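Peer 1: Just dropping this structure here.
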Amino acid sequence: MEQAAPDPERLLQPAPLEPLSHPDAGLESMVGEETKGARDEGPGDGTMTENNFSLKKIEISVSEAEKRTGRNAMNMQETYTAYLIETRSVEHSDGQSVLTDSLWRRYSEFELLRNYLLVYYPHIVVPPLPEKRAEFVWHKLSADNMDPDFVERRRIGLENFLLRVASHPILCRDKIFYLFLTQEGNWKETVNETGFQLKADSRLKALNATFRVKNPDKRFIELKHYSDELQSVISHLLRVRARVADRLYGVYKVHGNYGRVFSEWSAIEKEMGDGLQSAGHHMDVYASSIDDILEDEEHYADQLKEYLFYAEALRAVCRKHELTQYDLETAAQDLAAKKQQCEELATGTVRTFSLKGMTTKLFGQETPEQREARIKMLEEQIKEGEQQLKSKNLEGREFVKNAWADIERFKEQKNHDLKEALISYAVMQISMCKKGIQVWTNAKECFSKM
Amino acid sequence: MSGGPPKALPSTGPQSLRDMPHPLAGSSSEEAVGGDSTPSPDLLTARSFGDKDLILPNGGTPAGTASPASSSSLLNRLQLDDDMDGETRDLFVTVDDPKKHVCTMETYITYRITTKSTRVEFDLPEYSVRRRYQDFDWLRNKLEESQPTHLIPPLPEKFVVKGVVDRFSEEFVETRRKALDKFLKRITDHPVLSFNEHFNVFLTAKDLNAHKKQGMALLTRVGESVKHVAGGYKLRNRPLEFAAIGEYLDTFALKLGTIDRIAQRIIKEEIEYLVELREYGPVYSTWSALEAELAEPLEGVSACIGNCSTALEELTDDMTEDFLPVLREYILYSDSMKSVLKKRDQVQAEYEAKLEAVALRKEERPKVPADVEKCQDRMECFNADLKADMERWQNNKRQDFRQLLMGMADKNIQYYEKCLMAWESIIPLLQEKQEAK
């Protein structure tokens, strides 16, 4: 790719899109200004990104996984899995794909990438990574991270993550993402140089905002509620599904015992022998068929898991909104307080309690010069504050607008994906039923020849 | 031979028309005998086991490769049976219509026994009486006493642990009824037992209790003598065939026991699977309440899983009610056969001992005394009866298990078919594009 991606820093600044409302807007008008129907077609940074690098037609795949040993930060030996990422560009003319890049990454680097995206695109529902540790396992499934089945499912999950990012209209243009795919060495340093960790909102700050915010956008309140419920219901679903898989496994496997006993029994029978023996064989087939069936079902579980983790991404966007909104509310509050103070000083009336006022009463009036100085300072601060409020107001509205646009996009994606998942689940069940009918019909045939 | 049993020894030929559908079974799909009785797909939806049976090949002729379903081969086999046996069916017995009786002292169930016969032993062509379990028990004991050289079919278990099983539940009563029906049909098919006078009384007497009190001593002479066989003789040479039967029964009972345990385990696992399914389905419903466009598909999946759960419940119920009891019955059957074999051994042992005693007496012309001859008689009768019954039993066993296992396969097929239907019907719902709300 020849064209350089825009500096991710620039992407953070909102483009001036609409005129502000009047400067000393009260608290009320800052909130809930929805821009219904004004959904942007392209990325939020529309005007600046005309000659972005764009992924013309790129195919990304995580094609292999390999066990490696190395030394970790504490110089201790560790074993980890590395994944091969291959990027192919598809030429328009003949549809042929050419391998342009291939490099190895480990899970922790994916995490780093995602954390970076979370900080720099707080208004985007950032695609989740596959789970770090195997959860919702049923007894046969291994909880070991090194287990080949787990590694395989993780490989698919990581590929899915990259594809999601690459197909997102905004995220796909990110330079760090591009480098992740193309620059093997030094990538970690490059990411860290962006200083994104410092820009991240502290957990404490976020928590504080969540509790103290007075007027968040109603839609975000609903969304947060929805994502909580979604997380809870999908967790429940995955837990029960794992138990169901366990039980189903038991049912099928016990039938294998029929195979053995029919065989033993057939040895003492004359006419019945053949029928019993061959029926027993079908029972063995039945018993062993469950392994493949349940392996397929794991894919369904993985699809559900992705949306379980997406719920967390949704919540992250809501949290950011709460932070922004709280910031705005605090700034407005401060401004209002200063204005009031200024007014009181100017008119000499004391309406609210202030330490200055108290001390003045106790220790005597300040000189008119002192008062003038203070008023002047306050007026400066007020002017500054109003500017800040303006931009925070704008920021807040921008955020709401852009975030909601991405949320709508996400909703459609979710509905589509989950429907597809349900369809493929139904297809799996149908296939399982057909296999069952086949086996038992064969067994019945054998019994009829007894 | 000094005086054999009142009737001619039964032919060693196997079943002829034993499994013809009961002409009075009353089902609309009942075909005339020898007609197109292809096996119905739901073999076990018939009320009792014997009802819709195919006319199955007897043990003598090879089953061949012709499938039982082809009606012409059916006809061929029928004719073969006819030739071999020369008898036509002249006795039909059915057990049905269970009713609960509540008396001051106790509550119990009676069953209606319907008998139709052209035999001379029956005064009327048709009888209908009511009997309860203890009457069957009485009958079986009498048969064992009076026909000790024959295999008497088993009864379903007498005692039921109160509190664990509900003696008056529909399922229990129905399972028992089927077993009692089977019991009587097996006796009906037996060329010797079916002529037993106790059996006749059971089928015909208005007041069975009066007869019970009379204590009819209707033992056959052989029966009488066998009854008094002293135990404690050691057997020298068990004839090979009886040794083989004994070994066979041992292994057979073992295998059946294993199958019983496996079947129970499967049912247990299926029930546990069902419990989880019953929690699984509703979670989709809960989810559906959170969603807009996905609401219908999710609700559909929930309903689908519910249907599968119901189908599974039906499967486990059927297996519990139809499969396990028949299996257990056969285990009881082989137990009672073992005891008959033991008795036979005793009879032989006594004979051998007496024979030896005579030989030891060192007479110039050892004349076999009368009582040794009687022993020999006894033994030979016993052997003949037992052999005949064993062959008959082997045949019946084959047919019974064929039917039982095919039934098990059928039930599983039906279960999967129900589930298949549920999932297939939901696909269009899932694929449907939602109209913009």
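Peer 1: Name the long-range amide H neighbours of A:Thr100: under 5 Å, sequence gap of 5 or more, or other chain; modelled H, no Pro or chain starts.
Peer 2: A:Thr87, A:Arg88, A:Ser89
Peer 1: Which trypsin sites (Lys or Arg not before Pro) does the range B:85-185 hold that lie in a coil by DSSP with at most 12 other beta carbons within 10 Å?
Peer 2: When the trypsin sites (Lys or Arg not before Pro) of the range B:85-185 are filtered for loop state and at most 12 Cβ neighbours within 10 Å, B:Arg119, B:Lys158 remain.
Peer 1: Moving to a separate point now. Taking 0.36 nm per residue of sequence separation and subtracting the Cα-Cα distance, how much length would be gained by fully extending the chain between A:Arg71 and A:Leu84, in nm to one decimal? The partial results should precede the final answer.
Peer 2: Numbers: separation 13, 0.36 × 13 = 4.68 nm, distance 1.96 nm.
Stretched fully, the A:Arg71-A:Leu84 segment lengthens by 2.7 nm.
Peer 1: OK, next. Determine, from the Cβ-Cβ distance of A:Glu312 and B:Glu314 and an R0 of 45 Å, the FRET efficiency 1/(1 + (r/R0)^6), rounded to the nearest 0.05.
Peer 2: 0.60
Peer 1: Any of A:Lys338/A:Lys401; A:Lys188/A:Lys414; A:Lys205/A:Lys392 with alpha carbons more than 25 Å apart? Name them for me.
Peer 2: Checking Cα-Cα distances, A:Lys338/A:Lys401; A:Lys188/A:Lys414 exceed 25 Å.
Peer 1: Ok, one more. Choose one of B:His190, B:Leu180, B:Thr115: the residue whose Cα lies farthest towards the positive end of the charge dipole of the range B:88-213 (beta-carbon charges +1 Lys, Arg; -1 Asp, Glu; about the Cα centre).
Peer 2: B:Leu180
Peer 1: Something else about it: What FRET efficiency would be calculated for the residue pair A:Glu229, B:Lys338, taking the C-beta separation as r and a Förster radius of 51 Å, to the nearest 0.05? Mind dumping the intermediate values first?
Peer 2: On the way: r = 65 Å, r/R0 = 1.27.
Working from the Cβ atoms, E equals 0.20.
Peer 1: Taking the Cα centre of the range B:237-431 as the origin and placing charges on Cβ (Lys, Arg +1; Asp, Glu -1), which of B:Val372, B:Ile426, B:Ile267 is farthest toward the positive end of the dipole?
Peer 2: In the range B:237-431, that residue is B:Val372.
Peer 1: Shape call for the range B:237-431 from the C-alpha gyration tensor, a ≥ b ≥ c root eigenvalues: rounded (a/c under 1.5), prolate (a/b greater than b/c) or oblate?
Peer 2: Working: a/c = 7.29, a/b = 4.77, b/c = 1.53.
Cα axes put the range B:237-431 in the prolate bin.
Peer 1: Do you know the Lys pair count in the range B:225-349 for C-alpha distances under 29 Å, with sequence separation 8 or more or different chains?
Peer 2: 10
Peer 1: Sticking with this one: Kindly provide the trypsin sites (Lys or Arg not before Pro) of the range A:169-265 that DSSP labels as loop, not H, G, I, E or B, and whose Cβ sees at most 11 other Cβ atoms within 10 Å.
Peer 2: A:Lys214
Peer 1: Same structure again: Using the Cα centre of the range B:88-213 as the reference point, and only Cβ charges (+1 on K/R, -1 on D/E), how large is the resulting charge dipole? Debye, rounded to the nearest 20.
Peer 2: Values: 23 positive and 20 negative charges, 36 e Å.
Using Cβ point charges on Lys, Arg, Asp and Glu, the range B:88-213 gives about 180 debye.
Peer 1: Mind listing which GluC sites (Glu not before Pro) in the range B:323-421 are in a DSSP loop and have 11 or fewer other Cβ atoms within 10 Å?
Peer 2: Hits after loop and neighbour filter: B:Glu363, B:Glu364.
Peer 1: Could you check the spin-label model distance between B:Leu254 and A:Lys188? Points 7 Å from the Cα along Cα→Cβ, value in nm.
Peer 2: Distance between label points: 6.5 nm.
Peer 1: Need one word for the range B:298-352: rounded, prolate or oblate. Basis is the Cα gyration tensor (sqrt eigenvalues a ≥ b ≥ c); a/c below 1.5 gives rounded, then a/b vs b/c decides.
Peer 2: Judged from the Cα gyration tensor, the range B:298-352 comes out prolate (a/c at least 1.5, a/b above b/c).
Rule-based calculations on the coordinates, nothing more; no lab input. If you're wondering where the values come from, they're calculated on a predicted model, not measured in any experiment. A quick note on method: Cβ atoms are made from the backbone with ideal geometry, for glycine too, and the neighbour counts reach across all protein chains shown.
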